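The values are calculated or read from the model by the stated rules, or taken from the named source; none is laboratory data. What you see is a predicted model, and the numbers here were worked out from it, not measured in a lab. All Cβ positions, even for glycine, are placed from backbone atoms using ideal geometry, and neighbour counts span all protein chains on display. To get the accessible areas, we keep the full protein, side chains included, count just its heavy atoms, and leave off ligands, DNA and RNA. Shrake-Rupley method; radii C 1.70, N 1.55, O 1.52, S 1.80 Å.
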Amino acid sequence: MIRLRLDLAYDGSGFSGWAEQPGRRTVQGVLQEALARVLRLPPEQAVLTVAGRTDAGVHASGQVAHLDVPEEVWGAEGERVLRRLAGVLPPDVRVRSAAPAPEGFDARFSALHRRYVYRVSDAPWGVDPLRRHDVLWHRRPLDADRMNLAAAELAGEHDFAAYCRRREGATTVRELLRLEWVREGDHLLAGTVQADAFCHNMVRALVGALLAVGDGRRDTGWPARVLAAGERDSAVHVVGPHGLCLEEVAYPDGGLLAARARATRRVRTLGGDAAPPA
């Protein structure tokens with residue numbers, strides 16, 4: 001068997017998220033069906049492991065996944081895979097590259113960080129019709145400087161329980177590496193959110209809190225106070241998914257991939273790591 005790394009892009013508008021679900025159109029389901037067909041694999045062998053399981057409506061331009069296949073399958077189809085996949089995949093999902101991965105590579109656990117970008121328009125007339133599927137309209141003018149002041153207090157390693165939907169047995173401790181806003185145009189703001197990993201709804205909740213600061217409804221210290229409280233605050237609005245795009249997943253050099261995967265599998269607590277439960 002060899003492990004393939006796949007680099008992916010998709011428009012999330014027509015998908016019920018990444019993860020395969022019975023009776024729903026998902027990115028994973030569509031890709032696995034196409035891979036099974038192109039590589040002539042039984043469906044149970046065309047199973048993808050992904051770097052980040054995006055929610056319904058969330059886009060990706062830099063998603064990464066891996067797939068384990070028999071060596072002879074890749075030997076027979078390798079050079080033709082991209083063109084053949086382009087011929088069978090729907091137009092809202094593309095495999096941009098596919099190649100054998102270095103030893104120790106795991107699309108999920110070897111990742112150093114994921115970088116998302118959330119785009120918002122504060123134009124009084126709304127969103128450019130050509131960007132309506134990937135830009136949120138915010139009805140009030142936004143002050144990016146206020147948003148960045150508030151964002152600076154959220155950086156670092158914290159328990160982000162106040163900004164996450166809790167899942168049984170899962171930690172909400174994350175290291176937020178970057179959270180900043182820039183204007184990409186007169187009325188278009190882009191918020192970059194980068195962390196080692198994210199818990200469910202974390203990015204969209206952080207964006208919602210910062211929008212409330214940017215339009216003056218909340219002071220710049222409010223998001224940090226919500227974080228410190230450690231509980232979900234009904235005043236934090238989780239913004240819609242369509243403004244969010246996964247743009248990058250970064251990995252260490254080849255020799256460090258396996259070590260990174262082992263470290264990531266450990267359950268993290270503030271101030272240190274603890275071995276995961278058996």
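Relative to the compact globular guide of 2.2 N^0.38 Å, what is the alpha carbon radius of gyration of region 147-278, as a ratio? Walk me through the numbers on the way to the answer.
On the way: Rg = 15.8 Å, N = 132, 2.2 N^0.38 = 14.1 Å.
Dividing the Cα radius of gyration by 2.2 N^0.38 Å gives 1.13.
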At R0 = 25 Å the Cβ-Cβ FRET efficiency linking Ser234 and Val182, nearest 0.05, sits at 0.25
Rounded to one decimal in nm, the spacing of the 7 Å Cα→Cβ label points at Ala99 and Glu175 is 2.8
When the chain is treated as a Gaussian network with springs between alpha carbons less than 10 Å apart, the largest mean-square fluctuation among Gly12, Gly208, Gly230 is found at Gly230
Unpartnered Cys in the chain, judged by a 4.7 Å Cβ-Cβ cut-off, are Cys245
In nanometres, the difference between 0.36 nm per residue of separation and the alpha-carbon distance of Asp92 and Asp68 is 6.2 nm
Plugging the Cβ-Cβ distance of Glu44 and Ser13 into 1/(1 + (r/R0)^6) at R0 = 22 Å yields, to the nearest 0.05, a FRET efficiency of 0.15
Taking every DSSP bridge whose two residues both lie in the chain, the antiparallel percent to the nearest 5 is 90
GNM on the chain, Cα springs under 10 Å; top mean-square fluctuation among Thr54, Thr26, Thr171 goes to Thr171
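Using a probe of 1.4 angstrom, how much of the accessible area of region 96-195 is carbon and sulfur, in percent?
Values: 2530 of 5270 Å².
With neighbouring chains kept in place, the figure for region 96-195 is 48 percent.
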For Asp128 and Arg266, extending 7 Å from Cα along the Cα-Cβ vector and measuring point to point gives, in nm, a value of 4.6
Taking every other residue with Cβ under 9 Å from the Cβ of His66 and scoring Lys and Arg +1, Asp and Glu -1, one gets +1
Applying the gyration tensor rule to the Cα atoms of region 56-171 (axes a ≥ b ≥ c; rounded if a/c under 1.5, else prolate if a/b exceeds b/c, else oblate), the class is oblate
With -39,500 (n - 2.57) per DSSP H segment of 4 or more residues and division by the full residue count of the chain, the 222 nm estimate, nearest 500 deg cm²/dmol, is -7000 deg cm²/dmol
Read-out P(r) over Cα pairs in 10 Å bins from 0, in percent, candidates [x] 6, 27, 32, 23, 10, 2, 0; [y] 7, 30, 37, 23, 3, 0; [z] 6, 22, 31, 28, 11, 2, 0; calculated match is [x]
